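Structure, as structure tokens:
The values are calculated or read from the model by the stated rules, or taken from the named source; none is laboratory data. From a predicted model like this one, the values you see are computed outputs, not experimental measurements. Counting neighbours? That spans all protein chains shown, and the Cβs are built from the backbone with ideal geometry, glycine included.
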Amino acid sequence: MRGTFHFDSKFYQTADKAVNLIKLNILWILFSVPLVTMGAASCALHEIASKIVRNEDGYILRDFLTVFQRKWKQALKLWMPLLLAGVGIVLELFFWRNVGGLWAEVMTGMLVMLAVIWNFLFIYAFPLAVRMETSTRTTLCNALLLAVKHLPESLYMLFWTGIFLVAGWLWTPVLLIEIFTGAAVLAAVQEKVLLKIFGQEQIPEPDPEQ
């Protein structure tokens, strides 16, 4: 009889995925520390998370480093405008929060909408980058078009992003868990949705040789 700890058992497969997600999350954090490298780290995060979701075998560290090196230049071109835009949105929100009046409320509302769009771009851009070699402008445009075309799915992914952030903010034990698994688990949740979207749009899966 096959026991609980047999390689083919549901328990073993679940535990193996959990360990791989922890490894992936730690790698993403370490390689995102310089901040400018977060784009390449996010490309690697999504490609490995996609493999985990599809139950494909691989070596987390080796595969992560391979994707990181392969997508470094493309990801940097994507990440820098997103980083600058994100910093600008945050600074403007802090400014208008301290200003009273109707105009401040209007500006805050507009900035919240920009923040939603920014998050849509962040969710779609790097998974697209690992699947397609396109210019920065094309990738960002495709990301926005897909986010709007598949708005219910986009809002679902944004909802879970918000849940992760709020839960970590409110409960310290959850924050500690998210430090070890948060980004990888969130990427896996997003990849489950993105795999369906990309399948409908006939966008190929990541090519290791690309």
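Against the conditions (1) closer than 25 Å to Leu93 by Cβ; (2) touching a Phe, Trp or Tyr at 6+ places or on another chain (Cβ under 6 Å), Leu146 satisfies every one except (1). So, in segment 118-133, of the ones that are more than 13 Å from Val148 (Cα to Cα) and of a type in the set (A, V, I, L, M, F, W, C), which residue ends up surrounded by the fewest Cβ atoms within 10 Å (Cβ to Cβ)? Ranking the candidates gives Met132 first. Candidates in segment 193-210 are the residues that are within 18 Å of Ala44 (Cβ to Cβ) and at pLDDT 90 or above; of these, the one that is surrounded by the most Cβ atoms within 10 Å (Cβ to Cβ) is Leu194. All conditions but one from (1) at pLDDT below 95; (2) part of a helix (DSSP H, G or I); (3) within 25 Å of Phe180 (Cα to Cα) apply to Ala40; the one that does not is (1). The set of residues in segment 154-171 being farther than 22 Å from Val33 by Cβ and assigned to a helix (DSSP H, G or I) consists of Ser154, Leu155, Tyr156, Met157, Leu158, Phe159, Trp160, Gly162, Ile163, Val166, Ala167, Leu170. Annotation: Thr134 fulfils all but one of (1) more than 17 Å from Leu82 (Cβ to Cβ); (2) more than 15 Å from the chain's Cα centre (by Cα); the unmet one is (1). In segment 61-86, the residues that are over 14 Å from Leu121 (Cβ atoms) form Cβ pairs under 6 Å with partners that are in a helix (DSSP H, G or I) and not hydrophobic (A, V, I, L, M, F, W, C), at six or more places apart or across chains, as follows: Val67/Glu47; Leu76/Gly39.
Residue under question is Val166, and the condition is that it be without any contact (Cβ under 8 Å) to a residue 12 or more places away in the chain and within 17 Å of the chain's Cα centre (by Cα); does it hold? For Val166, the condition - without any contact (Cβ under 8 Å) to a residue 12 or more places away in the chain and within 17 Å of the chain's Cα centre (by Cα) - is met. When we screen Leu27, Leu45, Leu61, Leu93 for residues that are part of a helix (DSSP H, G or I), surrounded by fewer than 15 Cβ atoms within 10 Å (Cβ to Cβ), out of contact with any Pro (no Cβ under 6 Å at 6 or more places or on another chain) and of a type in the set (A, V, I, L, M, F, W, C), the only hit is Leu61.
To keep it simple, each residue is scored yes or no on (1) of a type in the set (S, T, N, Q); (2) under 20 Å from Ser50 (Cβ atoms); (3) part of a helix (DSSP H, G or I).
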position: Met113; (1), (2), (3): no, no, yes
position: Trp118; (1), (2), (3): no, no, yes
position: Pro127; (1), (2), (3): no, yes, yes
position: Thr134; (1), (2), (3): yes, yes, no
position: Pro152; (1), (2), (3): no, no, yes
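Look through segment 96-117, keep the residues that are among the small types (Gly, Ala, Ser) and under 27 Å from Tyr156 (Cβ atoms), and return whichever of them is surrounded by the most Cβ atoms within 10 Å (Cβ to Cβ). Before you say what the answer is, go through the steps one by one.
Restricting attention to segment 96-117, the residues satisfying the condition of being among the small types (Gly, Ala, Ser) are 100-101, 104, 109, 115.
Then keep just the ones that are under 27 Å from Tyr156 (Cβ atoms); that gives 109, 115.
On the way: Gly109: 11, Ala115: 16.
The residue in question is Ala115.
The residue of segment 153-175 that is nearest to Leu121 (Cα to Cα), among those that are modelled with pLDDT under 85 and exposed (fewer than 12 other Cβ atoms within 10 Å of the Cβ), is Trp169.
One residue stands out in segment 71-85 among those that are modelled with pLDDT of 95 or more and out of contact with any Gly (no Cβ under 9 Å at 6 or more places or on another chain): the one that is nearest to Met132 (Cα to Cα), namely Pro81.
Output the number of residues of segment 109-132 satisfying the condition of being touching a Pro at 6+ places or on another chain (Cβ under 7 Å) and over 17 Å from Leu186 (Cβ atoms). Please lay out each step first, then the result.
Going residue by residue through segment 109-132, those that are touching a Pro at 6+ places or on another chain (Cβ under 7 Å) are 130-131.
Then drop every residue that is not over 17 Å from Leu186 (Cβ atoms), which leaves 131.
Total satisfying the criteria: 1.
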